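The values are calculated or read from the model by the stated rules, or taken from the named source; none is laboratory data. These numbers were taken from a predicted model, which means no experiment stands behind them. Quick reminder, even Gly has a Cβ in these numbers, built from the backbone with ideal geometry, and neighbours come from all protein chains shown.
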Amino acid sequence: MKILGLCLFINLFGASALEAKDLELSIIHMNDTHSHFDESKLKMNLSDYNVKLPVGGYERLYQRVQEKKKVLEKQGKNVLVFHGGDAFQGTIYFTQNKGKMNAEAWKLMGLDAMALGNHEFDIGSEKLAEFLSTVDFPVLAANLDVSKNKSLKSKIKPYIIKVIDGKKLAVIGLTPENLKQLSLIDKNIVVKKEIESTRKTIKTLKNMGVNHIVVLDHIGYQNDLRLAENVDGIDVIVGGHSHTLLGDFKAQGLKYSGKYPSIVKRKSGEKTCIVQAWQYSRTLGEIHIKFDKNGELLSCKGNPELLLGKDLKVKSKKGWSKPNKKASQKIDSYILNDEKLSFVSKNKIAAQFMRPYRKSKRDLVMRSLVTSIETIRTNVVKISRN
């Protein structure tokens, strides 16, 4: 009876009904955060108003990642969270803490993988190795050979393979092929060409039966386009390095460089979906991907999202001031109806993480200020005596 029932099922619905469903995946991503854990200020056009408001920061980034993950996972979606590299440098936080704060912050964030950026090498191989040993996610670069470097050996992976809904999906990492010109890396580290390394890695993965390929890189938007045009088998590129804002932000008065996602179609008919999420923790990207049973890209849709704070000011002839009720309502409505913009609250867990680091930063600034005042006072005394 079971066999008869199975035959009847096939006859009624076709053999395809027994095949596995198409793979669907959502990727949340950021890049080039450069230790910008505090919010920054941004001037932009919202509705009929020229506005200055807080944007980004670790607390908002953390809040939005957790919100998105919760919603998507509740919908039964497969979710991965990526960082496109260059977490290091940028602010006093890095000057004080080197890689320690970044390691703790991104570990708390819950990253699934990170591309190795050029600035990750700025504090030397030993300090980078400490960062890599602290985090609980893989840091990737397929075009980097660190096998002869004692500190980094076996700590940087070329790719990872994840099994999602019974299907293998590979995430290949890339770092800039001109890394030696961008950072002071050790002589025993070999940097290979981006295109050649990717082709070779994809061939290896295909031989392993992996047909779903994501590249997580730190090589820049224009090089992402070049990579997609010249390498078969790449479904998605999640990038970094060029600090590129993608998406139509013309109405907001922000400079952007292309569509989100950008789609490259090769002569073979294959398509590659390319995304990037600007810089400094201001923007979070969210892309939804659908593959067919053979690993071919069927669709790629999503948006970048500016993470905004509500403490905004509006420009008038008299200068900057808080908006009146009418202006506030228009701005709120404008943001609510634009999927690229969101008011995001600061997460309490992230704020607690930031507290000791902020105190340490304030103490350093105060000590520097006192030292500067003392230096000026000493010089004034010397001048007055002459």
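Here are some notes:
- Qualifying residue in the range 180-187 (condition: part of a helix (DSSP H, G or I), surrounded by 14 or more Cβ atoms within 10 Å (Cβ to Cβ) and of a type in the set (A, V, I, L, M)): yes
- Ile219 vs. criteria under 22 Å from the mean Cα position of the chain (by Cα), assigned to a loop (DSSP other than H, G, I, E, B) and closer than 19 Å to Thr272 by Cα: yes
- Candidate set from the range 244-271 (those that are among the basic types (Lys, Arg) and closer than 19 Å to Gly285 by Cα); member that is surrounded by the fewest Cβ atoms within 10 Å (Cβ to Cβ): Lys255
- Number of positions in the range 208-228 that are acidic (Asp, Glu) and without any contact (Cβ under 8 Å) to a residue 60 or more places away in the chain: 1
- Residues of the range 241-272 classified as in contact (Cβ under 8 Å) with a residue 40 or more places away in the chain and at positive phi, total: 4
- Single match in Leu179, Leu184, Leu216 (criterion: at pLDDT below 95 and in contact with a Phe, Trp or Tyr (Cβ under 9 Å, 6 or more places away or on another chain)): Leu184
- Residue within the range 272-283 that is closer than 30 Å to Asn102 by Cα, in a loop (DSSP other than H, G, I, E, B), in contact with a Lys or Arg (Cβ under 8 Å, 6 or more places away or on another chain) and of a type in the set (Ser, Thr, Tyr) present: yes
- Filtered residues of the range 148-170 (kept if closer than 14 Å to Thr204 by Cβ and touching a Leu at 6+ places or on another chain (Cβ under 6 Å)): Lys157, Ala170
- If you check Glu286, Glu339 for being under 20 Å from the mean Cα position of the chain (by Cα) and farther than 21 Å from Leu216 by Cα, only one passes: Glu339.
- Complete set of residues in the range 65-93 that are aromatic (Phe, Trp, Tyr) and without any contact (Cβ under 8 Å) to a residue 60 or more places away in the chain: Phe88
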